[in-house]
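In what follows, a structure is listed as structure tokens, so that the remarks can point back to it.
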Amino acid sequence: MLWVTPEPGGHFISRRRQEQELQIISEDCTTKRKLGQDKDIMGEVTKTHEAIQSLDKTIATLQMELAASRSSQQIGVDGSPSITTATQQQRQKAFFVMGINTAFSSRKRRDSVRATWMPQGEKLQQLEREKGIVIRFMIGHSATSNSILDRAIDSEEAQHNDFLRLEHVEGYHELSAKTKTFFSTAVAKWDADFYIKVDDDVHVNLGMLAATLAKHRSKPRVYIGCMKSGPVLSQKSVKYHEPEYWKFGEEGNKYFRHATGQIYAISKDLATYISINQPILHKYANEDVSLGSWFIGLEVEHIDDRSMCCGTPPDCEWKAQAGNVCIASFDWSCSGICKSVERVKEVHEKCGEGDGAVWGAI
């Protein structure tokens, strides 16, 4: 064992002070170096996180395409479109496909949409070619083959060329089935990043919608809309009666979170999931509840975007004046714009983003 002979008091204190000063300087240098390293590390973490998100999306897409290819024959059993290898190669690439839900009796609503926020003719085709934005009125067929209702839609299609015809019998209580058929048909026809359903009595700003969706493009499995959780209505006399109310627990319970049905968007993988599994996806009385239920148990990011459910003027007008242009506007009391045929032009004039906005959005 070695013993160190102590130095005289003064020299010892002076030496200790020098050692402490050197330690402080060393620690200060280390701290500064560490701060710089922390910034570099955070930058690398952000880059890695973005790369992982992109990789997740790629893997999810490949898994969905593989599953779609394997199950294509089973999907075709009920007569609905299936995603075979051949149709995958033929599908047109798109940014988003929007289906505007409409009915045989809604000709005036369709014309009011065409006269305001939906491009027409060559502009509609140009939007599809240059921006990958596909917009169609979606409608099925009547219960009677080649009825006067079907022939009226054929005539309207010949004039406007803006319909997506579905293998579906039209009826208000069949909206959940129509939604499944729309996504399956759209996925079979277009290879899009997003698929959107909107009602024909809602005002939409396409530029704002495109810019918002672009922010979520790298994410897998996203479900975007105005999320809500309303009460489960067991009384038969009310409008949104839920016949299967007992499945949701005790009386007075609420539904799980889901997007309100006026407008919502889902990413490619979720639309493909619906297409693959549509024969076994349960339909509840309300279409928006059905859609939300299909994603329970999946790794899905629910994005609550309140700009997709603005009120009509003055609400959307004030927001537009403040620089917060809404994606969609309607009246909650009417589940759409009240008297939309007469009022959608006013909403468009006061809350619209301008006809050129969509061309510069993405």
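The values are calculated or read from the model by the stated rules, or taken from the named source; none is laboratory data. Owing to the predicted nature of the structure, the values given are computational and were not obtained by experimental measurement. Note: ideal-geometry Cβ built from the backbone for every residue, glycine included; neighbour counts use all protein chains shown. Protein only, heavy atoms only, side chains kept; ligands, DNA and RNA dropped before computing areas. Shrake-Rupley method; radii C 1.70, N 1.55, O 1.52, S 1.80 Å.
Near the amide H of residue 284, under 5 Å away, which other amide H atoms are found, from residues 5 or more places off or on another chain, if H is placed in the peptide plane?
Sorted by chain and number, the residues that satisfy this are 290.
Taking only protein heavy atoms into account and a 1.4 Å probe, give the accessible area per residue of the stretch 184-299 in Å². Could you put the intermediate results ahead of the total?
Values: 4440 Å² over 116 residues.
Each residue of the stretch 184-299 exposes 38 Å² on average to a 1.4 Å probe.
With a sphere of radius 10 Å drawn around the Cβ of residue 312, what net charge do the other residues whose Cβ falls strictly inside it have (Lys, Arg +1; Asp, Glu -1)? Could you put the intermediate results ahead of the total?
Values: positive: 343, 350; negative: 315, 317, 331, 346.
Residues near residue 312 contribute -2 overall.
Shape call for the stretch 116-253 from the C-alpha gyration tensor, a ≥ b ≥ c root eigenvalues: rounded (a/c under 1.5), prolate (a/b greater than b/c) or oblate?
Numbers: a/c = 2.25, a/b = 1.27, b/c = 1.77.
Oblate, because a/c is 1.5 or more while a/b does not exceed b/c.
With every protein chain kept in the model, how would you rank 316, 338 by accessible area, 1.4 Å probe, largest at the top? Kindly include the intermediate steps, with their values, before the conclusion.
Numbers: 316 0, 338 30 Å².
Sorted descending by solvent-accessible area, the residues read 338, 316.
Whole angstrom only: what separates the Cα centroid of the stretch 173-194 from the Cα centroid of the stretch 92-130?
16
Between residue 346 and residue 105, 0.36 nm times their residue separation minus their Cα-Cα distance comes to what? Mind dumping the intermediate values first?
Numbers: separation 241, 0.36 × 241 = 86.76 nm, distance 2.25 nm.
Here the answer is 84.5 nm.
Using a 1.4 angstrom probe on heavy atoms only, work out the carbon and sulfur share of the accessible area of the stretch 116-179 in %. Numbers along the way, then the final one.
Details: 1650 of 3230 Å².
Solvent-exposed carbon and sulfur of the stretch 116-179 make up 51 percent of the total.
Using Cα pairs under 8 angstrom and six or more residues apart, how large is the relative contact order of the stretch 249-347, in percent?
Working: 71 pairs, mean separation 22.0, N = 99.
Here the relative contact order equals 22 percent.
Near the amide H of residue 164, under 5 Å away, which other amide H atoms are found, from residues 5 or more places off or on another chain, if H is placed in the peptide plane?
Under 5 Å from the amide H of residue 164 lie the amide H atoms of 137, 138, 139, each far enough along the sequence or on another chain.
Two decimals, Cα atoms only, Kirkwood Rh: what is Rg/Rh over the stretch 130-209?
On the way: Rg = 13.6 Å, Rh = 14.1 Å.
Taking Rh as the inverse mean 1/r over Cα pairs, Rg/Rh reads 0.97.
Taking 0.36 nm per residue of sequence separation and subtracting the Cα-Cα distance, how much length would be gained by fully extending the chain between residue 362 and residue 45, in nm to one decimal? Numbers along the way, then the final one.
Values: separation 317, 0.36 × 317 = 114.12 nm, distance 2.72 nm.
Length difference between fully extended and current span is 111.4 nm.
Short version: ³J(HN,Hα) in whole Hz for each residue of the stretch 246-260, in order, from phi by Karplus 6.51 cos²θ - 1.76 cosθ + 1.60 (θ = phi - 60°), x for Gly and Pro, what are they?
Per residue, the Karplus-derived 3J(HN,Hα) values read 5, 6, 9, x, 5, 4, x, 5, 10, 5, 5, 5, 8, 6, 5 Hz.
In debye, nearest 20: dipole of the stretch 159-309 around its Cα centre with unit charges on the Cβ of K, R (+) and D, E (-)? Write out the running numbers ahead of the final one.
Values: 18 positive and 20 negative charges, 48 e Å.
About 240 debye.
Considering only Cα-Cα distances, which of the following residue pairs are longer than 27 Å: 239/283; 108/254; 178/268; 131/339; 189/283; 228/339?
Details: 239/283 17 Å; 108/254 36 Å; 178/268 18 Å; 131/339 32 Å; 189/283 24 Å; 228/339 24 Å.
Beyond 27 Å: 108/254; 131/339.
Express in nm, to one decimal, how much length is gained between residue 250 and residue 129 on full extension, taking 0.36 nm for each residue of separation and deducting their alpha carbon distance. Let's see the in-between values first.
Values: separation 121, 0.36 × 121 = 43.56 nm, distance 5.14 nm.
Working it through step by step, the gained length comes to 38.4 nm.
From a point 7 Å beyond the Cα of residue 165 in the direction of its Cβ, which residues of the stretch 120-157 have a backbone N at a distance under 18 Å?
136-157
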